[in-house]
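Presented below is the structure to which this report refers.
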Amino acid sequence: MAKYVFVTGGVVSGLGKGITASSLGLLLKSRGYKVFMQKFDPYINVDPGTMSPFQHGEVFVTADGSETDLDLGHYERFIDEELNYTSNITTGKVYSSVIEKERRGDYLGATVQIVPHITNEIKNKVYEAATSSGADIVITEIGGTVGDIESIAYLESLRQIRDELGKKETFFIHTTLIPYIYGSGELKSKPTQHSVSELRSLGIQPDCLVCRVPFYMDESVKQKLCLFCSIPRENIIEAVDVPNIYQIPINFYEQKMDEVVLKQFGLPTKKADIKYWKELIKTVDNLKEEVSIALVGKYVELHDAYLSVMEALKHAGYKYNKKVIIKWIDAEELENTKNLNETFKDVSGILVPGGFGSRGINGKIIACKYARENNIPYLGICLGMQIAVIEFARNVCGIKEASSTEFDEMCPEPIIDLMAEQKSIINMGGTLRLGNYNCKLTKGTLAYKCYNNKEIVERHRHRYEFNNKYKDILEENGLTFSGINEESNLVEIVEYKNHPFFIACQFHPEFKSRPTHPHPLFDSFVKASIDLKIKKK
Ligand code: GLN
């Protein structure tokens, strides 16, 4: 039987609930427990796949092809476990499944209601996460803030779970804000008291408070929280602002947060194996020198749209003791930039990440061409691979009208095109090529050198593909197709050998990067960028 930790949020959004949940997950795993994580998103979309990155940030893709909230990326990076379709539950999913059952007649004539039908569905999703993963402990984060209309059914479900299983099997964490009032110079506990009383009005008494606070609190503030919120003193955890999120598990470890949870569960506190994480923090705190990488995208004002890419770059930097500085370049602005040398003068690598639609395409092609012609390391991801192929076809092979049918449906040279099976699909949600696919690498190529492996598996999220009709002509001109999905004969990786480092992949390597083991492509790309910087000195 699994035990359940629930993480709710109070006072304001954006307090780092996801990082709190992930940090606890890491600590429990470090004590030898199998941990699985799950997030409830109370919005009505079935998944974030159809939402604009400006609304939602990145869509994180799990190995089984689920399009999920970006918090799942934190979960995977912290606990280093593959999550799945049970890890991100939305109101859209819950209601779809209840309505489907109702149409099938499963409810045998009953009036279908929020309690018990929707709440039962939600509870089943919690239990399903436990059974599908076989975890000892499942941590569920509830999106939004207590008091939101949308989250009421979720909180009611958790209240019922506590009633059914009791306190030894369930643990409620409430994350809140302790604001500092300038002038009076005080940290204030009142918003937290209100938030806890809101939670209690829904029948939930939290077991632990994680307080986001600008600096450590005085004992008197903590005593107030204990008294007004009925929380034992050792269950009040401080989440002090830190410059690097990977520091947070260590801060929680020092406050014995994981021990508090295990104690309530009546589970033994085995010795924590977190030396490797402490070493990571030491590395991050002592990075020597910087390396600057241009990220050319169209959602650059919202860095969260590229969260896993940013993290993957940082991870590779850690390996070489370098701080990766991202130079954000708006692809559309690049289209009108006269002096590219000026734009790229201080960067040692150029990355074109994934994206959808035609806006900013020409700017990305300009960036890719600049990297190719000026021997600057280039990493293209998904759309960044499609761009690389189009640029090469146009400017090296002379196929001037080469394009993707995504940007120009009638394009005469559809070098990137829809797969036959995609052509008949009308629904937008969940219909991309998603999740894990195999890729076979050719010996002697850069891709093979990066991975040092013949067979790899990577996560995908795209609809368009390289059109194999153009393979020969591109190859004759020096492009190498170094990674192929043999089952469907689809191109997965291209590279250009007359260049120090030019590689692009149809999949998303960023999802598999971890702080202590960077992804091979990011690793080699950042290394090549560092080498270029050293050469230029
Ligand atoms: N828009 C492109 C496609 O659908 C690329 C997708 C992406 O970059 N994730 O194929």
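The values are calculated or read from the model by the stated rules, or taken from the named source; none is laboratory data. Here the structure is a predicted model, which is why all the values come from computation and not from measurement. Virtual Cβ from ideal backbone geometry, glycine too; neighbours counted across all protein chains shown. Ligands, DNA and RNA are stripped out before the accessible areas are found, and what is left, the full protein with its side chains, is counted by its heavy atoms. Shrake-Rupley method; radii C 1.70, N 1.55, O 1.52, S 1.80 Å.
Farther than 22 Å from Cys450 by Cβ, without any contact (Cβ under 8 Å) to a residue 24 or more places away in the chain, in contact with a helix residue (DSSP H, G or I) (Cβ under 7 Å, 6 or more places away or on another chain) and surrounded by fewer than 21 Cβ atoms within 10 Å (Cβ to Cβ), is that true of Lys369? Criteria not met by Lys369. You will find that of Thr175, Thr140, the residue that is closer than 22 Å to Pro116 by Cβ, within 24 Å of the chain's Cα centre (by Cα) and not small (Gly, Ala, Ser) is Thr140 and no other.
Restricting to segment 195-221, name every residue that is closer than 20 Å to Arg159 by Cβ, free of Cβ contacts under 8 Å to residues at least 40 places away in the same chain and not hydrophobic (A, V, I, L, M, F, W, C). Across segment 195-221, the qualifying residues are Ser197, Arg200, Ser201, Gln205.
Is it the case, given these coordinates, that Leu434 is in contact with an Asp or Glu (Cβ under 9 Å, 6 or more places away or on another chain), among the hydrophobic types (A, V, I, L, M, F, W, C), open to solvent by 20 Å² or more (accessible area, probe 1.4 Å) and within 16 Å of the ligand (Cβ to nearest atom)?
yes
One residue alone among Gly444, Gly429 is on the phi > 0 side of the Ramachandran plot and either touching a residue at least 40 places away in the same chain (Cβ under 8 Å) or away from the ligand (no atom under 14 Å from the Cβ) (or both), and that residue is Gly444. Show the residue pairs that are 6+ apart or on different chains and have beta-carbon atoms under 6 Å apart, the first residue being within segment 71-100 and modelled with pLDDT of 95 or more and of a type in the set (Lys, Arg), the second being open to solvent by 10 Å² or more (accessible area, probe 1.4 Å) and part of a loop (DSSP other than H, G, I, E, B). Note: pairs meeting the criteria are Lys93/Val46.
Would you confirm, using the coordinates I've provided, whether Cys397 is more than 15 Å from the ligand (Cβ to nearest atom) and under 27 Å from Asn477 (Cβ atoms)?
Details: more than 15 Å from the ligand (Cβ to nearest atom): yes; under 27 Å from Asn477 (Cβ atoms): yes.
Yes; evaluated as a whole, the condition is true for this residue.
Counting only helices (runs of 4 or more DSSP H) that fall entirely inside segment 300-389 and contain at least 3 residues that are within 16 Å of the ligand (Cβ to nearest atom), closer than 20 Å to Asn498 by Cα and of a type in the set (S, T, N, Q), no element qualifies.
Looking across segment 409-421 at every residue that is within 13 Å of the ligand (Cβ to nearest atom) and surrounded by fewer than 19 Cβ atoms within 10 Å (Cβ to Cβ), the one that is modelled with the highest pLDDT is identified as Leu418. In segment 7-29, the residues that are among the hydroxyl-bearing types (Ser, Thr, Tyr) reach residues that are open to solvent by 10 Å² or more (accessible area, probe 1.4 Å) with C-beta atoms within less than 6 angstrom, at least six apart or across chains, in these pairs: Thr8/Val146; Ser13/Thr145; Ser22/His74; Ser23/Ile248.
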